[in-house]
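See below for the structure under consideration.
The values are calculated or read from the model by the stated rules, or taken from the named source; none is laboratory data. Only a predicted model underlies this, so the values are computations on that prediction, with no experimental measurement involved. Don't worry about glycine lacking a Cβ; one is built from the backbone with ideal geometry, like all the others, and counts go over all protein chains shown.
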Amino acid sequence: MIKLPAINKRWCSDTNKALPGKLYVVEGCDGSGKSTQIYLLKRWLESEGFIVFFTEWNSSELIKESTSEAKKKDLLTPTTFSLMHASDFADRYEKMILPQLRAGYIVLCDRYIYTAFARDMARGCNREWVKNVYSFVMKPDITFYFQAPLQISLNRILTGRLHLEYHEAGMDMKFSNDPVESFKIFQGIIKQHYDDMADEEGFTIIDAAQSIKAQQTIVRSIVCKNLEGYASPCKHWKEGSIYI
Amino acid sequence: MNNELFYGKGLPYLQLNKLPGKLIVIEGADCSGRSTQISMLKDWLETEGHAVLDTGLKRSTLIGNVIFEAKKGNILGKKTLSLLYSTDFADQLENKIIPALSAGFVVLADRYIFTLMARDFVRGASKEWLMELFGFALIPDMVFYLSISPETLLHRTFSKYGCLDYWESGMDLCFSSDMFESFKKYHILLKKEYDEMANKYNFIVIDAEKSPKEIQSDIRAKIKVFLDQK
């Protein structure tokens, strides 16, 4: 049995009535394997005939270029870092995620607001302030948290990687002048924030130390259960009509 | 200490104490005469021996272009636009205003969070959400509000630009397809929001129907009293 997260009213200010779509989110540290898992979930849902939309962190057409420029120039403070990512998210939320959910589709997000919570808090932003910034968004139907021992996710990222991005490694935090050392410290703090949120935000925890196949089997069975009673928009098409 | 400096949660990672400079804000609608007043104030203050930084909204390099591009095509959601403006404001606050205040400058801000909030309130934004969002803003030492009737504003807009602007007429709110009608409705609503904030945030309300010279001497008199206090 999966315990669905309780819906807090303030979270749904824009969306008072239940939306017909389904929102599934994956969260976790870099190297936790979440992107692989959501990709496999998407392939499965599509092969089952569902219409699925997918969006990932920091990918707004409008804003991502400015963000990457600003990161290159090291112009960002914790607050502007937070707000630029919030703008990026809001743009995708207002243009894609929310309308897609209203239309009844399945929406898959590789990272959601919890990524912002963990990273912004790690950079020293106030927790309540960050939560307010994102208080207009819908709580996902399921948030999978891929929880891996730090050493495992670090190894996955650091093996075969010659270069870590400045912000990715948390170099702006001045923990260490060594990117690898800084990355380890920063990831440790982020993991702690994820772990702390898990209960309160109702994460579904997946043990990311298991094999990819074993994790995917669990993810699919949970999603399957959650989809009971869900009607995909494609089912509304007339019997016998031709579509690709 | 932090709590007395900011409207809300502030900038916890900076651990600021009271800054030696002075932050003076001039608020008011477009064409209310803000930039004229600021340039006269700057002249005066510099003559008096103060180092002055003048700064305004939408001058940050961080996302200035995004806002500009997006407004051309009217393709941004309300929350996205609010967040972009707040990003821009935070950038200027942390990278320009706070360093100048730390160095003891008088900072003259051509608009502040109040304009951003008024615009969004009129567009139906949650007050609670926006006020908490802008909780990182420093509380200014003085906020002057150039109060002006929508009627006068209309004529000043024509004499300055010769025409009305899409955004400054609130056309995105779809009150009316007639820009003239929309302008009036929009500025009546905006003024209501400014007037409400005037009470809440202790604005010094300046009658901006007066001549620029009279307005300037009103503002200088108040600033002089304030600066002489120390």
message = Just to verify a result, which residue in region B:6-28, among those that are touching a Phe, Trp or Tyr at 6+ places or on another chain (Cβ under 8 Å) and farther than 14 Å from residue B:93 by Cα, is surrounded by the most Cβ atoms within 10 Å (Cβ to Cβ)?
response = B:27
Options B:46, B:94, B:4: the member that is of a type outside the set (Lys, Arg), part of a helix (DSSP H, G or I) and either at positive phi or within 14 Å of chain A (Cβ to nearest Cβ) (or both) = B:94
message = Checking residue A:155 against (1) modelled with pLDDT under 90; (2) assigned to a loop (DSSP other than H, G, I, E, B); (3) loosely packed, with under 14 Cβ neighbours inside 10 Å, only one condition comes out false. Which one?
response = (2)
task = Could you grab me the full set of residues in region A:23-62 that are closer than 12 Å to residue A:145 by Cα and touching a Leu at 6+ places or on another chain (Cβ under 6 Å)?
result = A:24, A:38
key: Whichever residue in region A:213-244 is part of a helix (DSSP H, G or I) and modelled with pLDDT under 95 and, among such residues, is nearest to the chain's Cα centre (by Cα)   = A:233
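Residues are listed down the side, and each one gets a yes or a no for (1) out of contact with any helix residue (DSSP H, G or I) (no Cβ under 8 Å at 6 or more places or on another chain); (2) over 22 Å from residue B:201 (Cα atoms); (3) away from chain A (no Cβ under 14 Å); (4) not in a helix (DSSP H, G or I):
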{"site": "B:53", "(1), (2), (3), (4)": "no, yes, yes, yes"}
{"site": "B:80", "(1), (2), (3), (4)": "no, yes, no, no"}
{"site": "B:101", "(1), (2), (3), (4)": "yes, no, yes, no"}
{"site": "B:145", "(1), (2), (3), (4)": "no, no, yes, yes"}
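Select the helices (runs of 4 or more DSSP H) contained entirely in region A:55-132, then report the ones holding at least 1 residues which are touching a residue at least 40 places away in the same chain (Cβ under 8 Å) and among the hydrophobic types (A, V, I, L, M, F, W, C). Working first, answer last.
Details: elements: A:64-72, A:78-92, A:98-102, A:113-122.
Where helices (runs of 4 or more DSSP H) fall fully within region A:55-132 and carry at least 1 residues being touching a residue at least 40 places away in the same chain (Cβ under 8 Å) and among the hydrophobic types (A, V, I, L, M, F, W, C), they are A:78-92, A:98-102, A:113-122.
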ask   = Filtering region B:119-137 down to residues that are aliphatic (A, V, I, L, M) and surrounded by fewer than 22 Cβ atoms within 10 Å (Cβ to Cβ), which residue is farthest from the other protein chains (Cβ to nearest Cβ)?
value = B:122
query = Just checking, which of B:140, B:150 is buried (at least 16 other Cβ atoms within 10 Å of the Cβ), touching a residue at least 40 places away in the same chain (Cβ under 8 Å) and under 30 Å from residue B:228 (Cα atoms)?
reply = B:140
